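Read through the structure below, which is laid out as structure tokens, and then see the notes.
All of the numbers you see were taken from the coordinates with simple rules; none came from a lab. The structure presented is a predicted model; accordingly, all values stated were derived computationally and were not measured. With ideal geometry, Cβ positions are generated from the backbone for all residues, glycine too; neighbour counts draw on all protein chains shown.
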Amino acid sequence: MKYISTRGKEVCQGFSDILLEGLVADGGLIIPESLPKIGIQKLEEWRELSYEDLAFEILSIFSNEISSNDLRSLITKTYHSEAFNFGKEIVTLKPLFNNLSLLGLSQGPTLAFKDIAMQFLGNAFEYVLINKNLKLNIIGATSGDTGSAAEYALRNKKNISVFMLSPYGRMSLFQRSQMYSLKDQNIHNIAVYGNFDELQDIVKFLSSNLKFKQTYRLGLINSINWIRIAAQIVYYFYGWLRATNSNDTNKKVSFTVPSGNFGNILAGHIARCMGLPIHRLVLATNENNVLEEFFKTGIYRPRKPALTYITSSPSMDISHASNLERFIFQLVEQDPEQVKKLWLDLAENGFFDLSHFQPLFEKEYGFVSGSSTHQDRIETIKWIYKTLEIFIDPHTADGVKVATKFSEPGIPMLVLETASPVKFSETVKEALGKTPPIPSYLKNIEQLPQKFTIMNCNAKEIREYFEVHAIT
């Protein structure tokens, strides 16, 4: 597997260096130069595999530097009953009605889909750092679930410190409690007066300073990190294998993905490029519908922070989708000069125009898009509970609402579950007049003491805090 940068600098390192690299020095994102094709025969051979075994098969493609025994150990350490679903399946398929199902991804320790990749990333980081006798400082920004998933994956890990920026007052009570109640010495929660896009800009700014990055050995754990995308590819294959059977004449499946930063649906796009028979990739947004507009018009116009709405699906309150660059790179036939020009246009004009490519989005890549409102989420939560007595969270409700528009007879439509509804009980209660049951081990989490530092949205101040607390 050979890796390259979307901005032009070739990156030939193996798995370990790709894991630790994060943002490339030229400002680009790491992506494989080419992808292997997985044919129907191989998919049929994988049909009866457990999630752990399937993860081994797929992650082996992207981690050729690690021995099979070591990779197997990392996967076994990651996907086990104490971390996921108490002995049940790691990922579940939950039928709703007709051809619509939920791909259950909220069985991890923080009850969000991000656990599935983050738990692997945490173990992989520790493995590489111990083997190389290195220390790493992770810096990240979260709009909600990334922060807790990252912190639970890295808490008490050797040779790692975590600095997580979160938007002060813009997450649910449960999300804040999960993050801020952690007392581990290697976890640093920084609540910033700003929104996710502003925090993400600070992370990118600090990561792009080569001297600073090298001095403090700076790493990234959000979806900018390619290995996290690789780990998410697995559940698309797993969902397809569970939604089809060997006798199906039409083996295509569609996926609807609630998306803000484009990382989760990018993993589905990569799976499709590898040969997984995906019919449509349905991108669902909330009122912050910059990505919906892009896939409908071909014009990418991120909003300024003041124009990014605070919504009841806060993990998608994002107007700058970092991972879109990886798709654009492929769209322009891996021409880094075009990518650099587009992002220069974005910086100078506030948008770039690829409308001439727009007809290809669905025809060549299967992408369609839609959005929903707060009232849509409330009505969808009500509808699913009244019909099936199933609680869903507001992000998943965004997905279900949009999925119904693009559902087609004879083609399974899997909506990727974003999180457990207990993480957004305020919105669920607004819809239903009651809240979903909280797992016993989390019942008092909102009453636990919290540890976090409030800071202004200022890169210099955050850098100074980082320099004082970083592990060296």
Could you give the DSSP H helices of the chain that reach 24 angstrom or more along their long axis (alpha carbon positions) and whose average Kyte-Doolittle hydropathy is no lower than 0.0? 114-132, 226-243
Taking 0.36 nm per intervening residue step and subtracting the Cα-Cα distance, what contour gain separates residue 208 from residue 386 on full extension? 59.1 nm
From fewest to most C-beta neighbours within 10 Å, the residues 332, 415 line up as 332, 415
222 nm mean residue ellipticity, helices alone, for the chain (DSSP H n ≥ 4; -39,500 (n - 2.57); rounded to 500): -13000 deg cm²/dmol
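Once R0 is set to 25 Å, what does the formula 1/(1 + (r/R0)^6) return for the Cβ-Cβ distance between residue 135 and residue 70, expressed as a FRET efficiency to the nearest 0.05?
0.75
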Which entries of 386/434; 37/77; 183/443 show an alpha-carbon separation above 20 angstrom in the structure shown? 37/77
If you place +1 on the Cβ of every Lys and Arg, -1 on the Cβ of every Asp and Glu, and leave all else neutral, what size is the dipole of the chain about its Cα centre, to the nearest 20 Debye? 600 debye
Could you please rank 413, 1, placing first whichever residue has the fewest other Cβ atoms within 10 Å of its Cβ? 1, 413
Say each of residue 340 and residue 53 gets a label point 7 Å from the Cα, pointing the same way as Cα to Cβ; how far apart are those two points in nm? 4.8 nm
So, in Å, what gap is there between the alpha-carbon centers of region 371-394 and region 254-329? 21 Å
Between residue 375 and residue 46, what is the label-point separation in nm under the 7 Å Cα-to-beta-carbon projection? 4.3 nm
For a footprinting-style exposure proxy, rank 229, 299 by other Cβ within 10 Å, fewest first. 299, 229
Under 8 Å for C-alpha pairs, at least 6 residues apart: give me the relative contact order for region 162-255, rounded to a whole percent. 22 percent
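Mind giving me the FRET efficiency for residue 446 and residue 310? R0 is 25 Å, r the Cβ-Cβ distance, nearest 0.05 is fine.
Computed FRET efficiency for residue 446 and residue 310 comes out at 0.80.
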